[in-house]
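Below: the structure, in structure tokens.
FYI, it's all coordinate maths here, none of it is from the lab. All values derive from a computational prediction rather than experimental measurement. In this analysis, Cβ positions are derived from the backbone assuming ideal geometry, glycine residues included, and neighbour counts consider all displayed protein chains.
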Amino acid sequence: MNIAKSLILGSAATLVALGGAQAADLPLKAKAVEYVKVCSLYGAGFYYIPGTDTCIKLGGYLRADTSFNAAGAYDMPRWTGAPTRASNDYIARSRFGLNIDTRTATEYGVVRAYFDGMFNWTTDTASRAGSDNGSGFALYYAFIQFAGFTMGKAVSQFSAPWTGYPGNNTSFLLGGQDDVTGINQIAYTAQFGNGVSATISLEESSGLNGPGATINSYTRAPLYDLALGGGFGSLTANNWGGTNVPDIVGQLRVDQAWGLFQLSAAAHQLRAGNALSISGVPGDAWGFAVQAALSLKNLPTGAGDSINVSVGYADGASRYIVGGVSPDSYSIGNSSVLAMGFSSDGVYAPGVGIQKTESYGVRGAFNHNWDPYWSSSLFGSWSAIRYNGTVKGLLGVDPDWDISQLGLVTRWTPVKGLTFSGEVMYSYLTQNNTGLVLPTGQVAGDRGTWTFGVRAQRNF
């Protein structure tokens, strides 16, 4: 009996010892996982960055475009004149865009940092090798907002809220500024309540441009030096100087439930480059642009319908009104007839100071929802360039011209975030030199052209 009792007690002691050893070998309790939390302060899609009080939102899109009878992707009209056997009848572009929005609440208000970039692949462009004007990476927006200030690359404060897209897909609806890819700036916005705000901004104009150089800014059209080889049909002797004063832009906006009204203005310096000919260097001049934009919502035609329209005028600042195509020459034609127009900020010649160019523009759209899946937009524009009597006398011709555009786009959204669309647009260029024989051998006349584009886009 004693022997049995000893065996039982010994076995129990052994089990207790083994259990204690195994318990000692177990890992310590893991620290609780810090899951990503929804941030509801700034709307849907924001989350707290783990371990911080900063909220972040990721978004973007993937888009596939095909444009017919176009000189470039995005349904651009064939400004280059008559098509030849070397011309492409259609152009395709694939684009991926990504944006990152971060916001942090502070005692001074919200600190916001925003980034928007994209990658392109476009038919028959050298940019497919990696430059940012057609393929490879391109930076659209990169700015910081703090205590009313906006610093970095953002949409110009001159632009209407819809930039160049009152209802269209095409990026070449003229009649107003189209700086959707952003302009470097330092801006301050004051909020007065009830949807009323005012903004003052200093915005980048351009870098150094020599004769014939491509304009690399959304606010500068060519500054023509006629002594470098100008004339109707060959106005390409651009001679901009370097920037020493940024564009000064102001905006007043009222944004309420009925819609929006915005009045904007810009002051723009004209400064010729180095003296490269007998023309010398003319004195600097100042141009300006003004624009009124109106958006009407809650229309009786249907839920979500809207009308967006802008009207503008510029004197010596043409790209604020007729912008988007570099080097700002427009032509539509066939083998025998060519309509041609040149946009500029100004023209000068030996003994003649800078003669500023006037620009006029109207652009707008009516946007209608047929049902939750189908919508259409009817859009159009009118743009005009006017040169003064001094320039016409120097050239010996009248270089004034107009462009009228009318288009329709219909969209189908079968599921949220996925849209298919088809767009057609007609552009008609008129000019004042009908019958003039051009250096190309063609005769000047009025011409029009159709463009058509289809698009698939997935937003996320």
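Sorted ascending by nearby beta carbons within 10 Å, beginning with the fewest, K416, K297, K37, K356 become K416, K37, K297, K356. Taken about its Cα centre, segment 317-451 carries a charge dipole of about 200 debye when Lys and Arg each add +1 at the Cβ and Asp and Glu each add -1 at the Cβ.
Straight-line reach from K416: taking Cα to Cα under 20 Å and skipping same-chain neighbours fewer than 8 places apart, the aspartates and glutamates in range are D65, D305, D371.
A Cα-only calculation for segment 242-304 places Rg and Dmax at 20.1, 63 Å.
Report note on the peptides 175-182, 97-104: ranked by the mean count of other C-beta atoms within 10 Å, highest first, their order is 175-182, 97-104. Exposure proxy shown here: for C55, C39, the number of other Cβ atoms within 10 Å sets the order, fewest to most, as C39, C55. Find out how many positive minus negative residues lie around N334, taking Lys and Arg as positive, Asp and Glu as negative, among other residues whose Cβ is under 13 Å from that of N334. With Lys, Arg at +1 and Asp, Glu at -1, the net is +1. Taking other C-beta atoms within 10 Å as the exposure proxy, V196, V409 rank V196, V409 from fewest upward. Taking each residue as 0.36 nm, the span from A86 to W258 lengthens on full extension beyond its C-alpha to C-alpha distance by 56.8 nm. Here r is the Cβ-Cβ distance between F68 and K416 and R0 is 45 Å; the resulting FRET efficiency, rounded to 0.05, is 0.95. Distance between the pseudo-spin-label points of I248 and V38 (7 Å out from Cα toward the beta carbon): 4.9 nm. Tell me, rounded to the nearest percent, the portion of alpha carbon pairs in segment 39-459 spaced more than 28 Å apart. Result: 52 percent of Cα pairs exceed 28 Å.
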